[in-house]
Every structure is written in structure tokens, then in C-alpha cells.
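The values are calculated or read from the model by the stated rules, or taken from the named source; none is laboratory data. This is a predicted model, so every value here is computed, not measured. Virtual Cβ from ideal backbone geometry, glycine too; neighbours counted across all protein chains shown. Only protein heavy atoms, including side chains, enter the accessible area calculation; ligands, DNA and RNA are left aside. Shrake-Rupley method; radii C 1.70, N 1.55, O 1.52, S 1.80 Å.
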Amino acid sequence: MSSNHPQPIVVPPDSGRELKFLGVTHKLTPHQTDSGYYLFEFEFESESGNGLHVHSYEDEVVYVIEGAIEIRLNNQKLQAVTGGVAHLPKGIPHALHNPLKRTSRYLGMAIPGGMENFFDELVVAQESGILDDATHKKISLKYGIEWLE
């Protein structure tokens, strides 16, 4: 087996690089998947989520580990519960929301990889005390993410 190809890897439970500020844990990065994808766990607290946004570079897949997720696509809402999965192609505006009164947990995949750099850069900005709306927007656009609200 050549070292130029991805090698098998097992990521144990409760491991991976945790970005507490964002509620995200890196599980498999593009370095480990030959840039094929980025796999991460994330959670939303009770009745929380993110605003309408669109990705230019990657498709997203969201698997519900525990709880539920509501996906808003402009005027349409989709919902997945524990064990359900959603595919969100790039270029389609969407917002993710936990509709429950308890924390929900998810496994996300970005295809191709690269979105982990967005999360990492947000954490650096937050830890440096420079994360404000303008910085968030600048970092988002750098990684092809446009916030629509």
C-alpha cells in the first residue's frame, strides 16, 4: 500500500478535535480522506440552529444521531429524526434548526472536504477576541459560505 493513498483509520468514540465554541468535533479531515470529505459531529442546543445560508463549494449530509433536525429551504421545511439523514446540495440555501426542547446531536459530512478550515478559522478569531459580524462574514465568504439572514 502506497503512503500516497489514504490509509484505514478508526476514530474512537468521544475523540476528535473538539471546537467547544461551535459545538463541533472534527472526526475525519480531508488529510485523512484524500480530500474526499470532512466528517464532523455537531450539536444544537434546545430550539437553536443557524440562519439561512448557502454553500458554494460543498454538499452537506446530515445524519441525526439523537433528536431531530428541521431544514428550512426558503418556503419549504423538511424534518429528520433520530436515524434519519438529509442531503443538502451546494448552491441551495438552507437553515438548520433543532425543533426540540433538548439538545440534538448530528453527524455531518461536507463533500469535498475543506469546511473544517472554516470552523478552525472561526475558533481562532473567537479565541483572539476579534470575532464580530464583519469578521464572521469575511471568513464565511473566504470558504464559499454566504449568510442570507
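So that you can scan it fast, the table gives a plain yes or no per residue for (1) of a type in the set (A, V, I, L, M); (2) under 21 Å from Phe21 (Cα atoms):
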site: Phe44; (1), (2): no, yes
site: Ser56; (1), (2): no, no
site: His87; (1), (2): no, no
site: Ala110; (1), (2): yes, yes
site: Asn117; (1), (2): no, yes
site: Asp132; (1), (2): no, yes
site: Trp147; (1), (2): no, yes
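Would you check if Gly129 is open to solvent by 30 Å² or more (accessible area, probe 1.4 Å) and on the phi > 0 side of the Ramachandran plot? Judged against the criteria, Gly129 is a match.
Step by step: first the residues of the range 1-43, then only those that are assigned to a loop (DSSP other than H, G, I, E, B) and in contact with a helix residue (DSSP H, G or I) (Cβ under 8 Å, 6 or more places away or on another chain), then the one that is most open to solvent (accessible area, probe 1.4 Å). Which residue is that? First the steps, then the outcome.
Our first condition is that a residue be assigned to a loop (DSSP other than H, G, I, E, B); within the range 1-43, this holds for 1-16, 20-23, 29-37.
Imposing the further condition that a residue be in contact with a helix residue (DSSP H, G or I) (Cβ under 8 Å, 6 or more places away or on another chain) reduces the set to 21-22, 29-30.
Working: Phe21: 97, Leu22: 51, Thr29: 35, Pro30: 18 Å².
Per the criteria, the residue is Phe21.
Just so you know, in the range 76-116 the residues that are buried (at least 19 other Cβ atoms within 10 Å of the Cβ) and either polar (S, T, N, Q) or modelled with pLDDT under 95 (or both) include one that is farthest from Ser140 (Cα to Cα), and it is Ser104.
Residues in the range 85-131 that are assigned to a loop (DSSP other than H, G, I, E, B), closer than 19 Å to Leu28 by Cα and aliphatic (A, V, I, L, M): 0 in all.
Go through the range 53-70 and give me each residue that's part of a loop (DSSP other than H, G, I, E, B), at negative phi and open to solvent by less than 20 Å² (accessible area, probe 1.4 Å). Passing the criteria: only Glu58.
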